[in-house]
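Scroll down for the structure; my scribbles are underneath it.
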Amino acid sequence: MRLYRIPFSTNVERVSLALGHKGLEVEWVEVDPADRSGVVELSGQPLVPVLEDGGRAIADSSTILLYLEGRNPERPLFPSDPARRAEMGVFIDWFDRVWKVPPNEIDAELRRPEPDRGRVGALGAQMVGWLEVFEAMLAGRAYLMGDELSAADCTAFPFLKYAVLDVDPADADQFHAVLAAHLRPADEHPRLADWIERVDARPRAPDAIR
Ligand SMILES: N[C@@H](CCC(=O)N[C@@H](CS)C(=O)NCC(=O)O)C(=O)O
């Protein structure tokens, strides 16, 4: 398998966590952020991660997690029970379609010549408010949807980690700075802080960039 990446990508780290959990290796392919033509040619869209496996190209981190589960069901990341699996799907969809919206809008607002600071504050307050959701999901269990690492943790961790972990000095992606600025402080969310440490200690695919 080959996995196309740019450095410090949150969505690539989702896949890297899943590969590490399943004990799988990939050949990394470095993508120039300024030239996505190879990725577009391969997958029909410009974003990473893209997984190439036996002539197939799979884009979108959530789709890749499902693909890996089907390909290597050992050490599962999704529940086998259909109801629990559907619930996990709803969480992952909520994270991608709802949770990600405020930090993406802050990122876009800050790129304007005169950012609307009031709007940034309101969007940031929404992000802080949602930390309570994760804190509650971790009551009485080690991971977001149970006692074992799952696709829910792989999905949320690369974003929520910035509530505790610092942005790498070599990482110039403004989106990560937005996460770090608005997810802090984590002091009021001790279960979330412990979960970030717990997931951060999990294996990644060999040679992953975090
Ligand atoms: N829905 C996609 C989103 C992928 C995405 O936004 N990838 C980012 C990297 S984390 C990207 O390629 N951004 C373009 C860029 O940074 O130029 C997924 O989950 O994989």
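Name the residues in region 1-23 that are in a helix (DSSP H, G or I), within 13 Å of the ligand (Cβ to nearest atom) and of a type in the set (D, E, K, R), would you? Within region 1-23, Glu13, Arg14 qualify. For region 87-96, the condition of being free of Cβ contacts under 8 Å to residues at least 24 places away in the same chain, touching a helix residue (DSSP H, G or I) at 6+ places or on another chain (Cβ under 9 Å) and more than 16 Å from the ligand (Cβ to nearest atom) holds for none of the residues. Screening Ala108 on (1) under 19 Å from Leu19 (Cβ atoms); (2) within 15 Å of the ligand (Cβ to nearest atom) shows it passes everything except condition (1). Can you pull out the residues in region 102-135 that are surrounded by 12 or more Cβ atoms within 10 Å (Cβ to Cβ), acidic (Asp, Glu) and free of Cβ contacts under 8 Å to residues at least 12 places away in the same chain? Listed by number, the list holds a single entry, Asp116. Among all positions in region 168-178, there is no residue which is more than 15 Å from the ligand (Cβ to nearest atom), crowded, with 21+ Cβ neighbours inside 10 Å and not assigned by TED's automatic domain parsing to the domain that holds Pro49. Residues of region 24-55 that are free of Cβ contacts under 8 Å to residues at least 60 places away in the same chain and assigned to a loop (DSSP other than H, G, I, E, B): Val31, Pro33, Ala34, Arg36, Gly44, Gln45, Pro46, Leu47, Val48, Pro49, Gly54, Gly55. Restricting region 179-210 to residues that are within 16 Å of the ligand (Cβ to nearest atom) and farther than 14 Å from Trp130 by Cα leaves a set whose member that is nearest to the chain's Cα centre (by Cα) is Arg210. Please determine whether any residue of region 149-156 is free of Cβ contacts under 8 Å to residues at least 60 places away in the same chain, among the acidic types (Asp, Glu) and farther than 16 Å from Asn104 by Cα. No: region 149-156 contains no residue that is free of Cβ contacts under 8 Å to residues at least 60 places away in the same chain, among the acidic types (Asp, Glu) and farther than 16 Å from Asn104 by Cα.
Every condition in (1) within 8 Å of the ligand (Cβ to nearest atom); (2) surrounded by 16 or more Cβ atoms within 10 Å (Cβ to Cβ) holds for Pro33 except the one numbered (2).
Taking the listed residues Arg97, Arg84, Arg56, Arg75, the one that is surrounded by fewer than 15 Cβ atoms within 10 Å (Cβ to Cβ), closer than 30 Å to Val128 by Cβ and more than 18 Å from the chain's Cα centre (by Cα) is Arg84, with no other qualifying.
The values are calculated or read from the model by the stated rules, or taken from the named source; none is laboratory data. If you're wondering where the values come from, they're calculated on a predicted model, not measured in any experiment. Because the Cβ atoms are built from the backbone with ideal geometry, glycine has one as well, and the counts that use them run over all protein chains shown.
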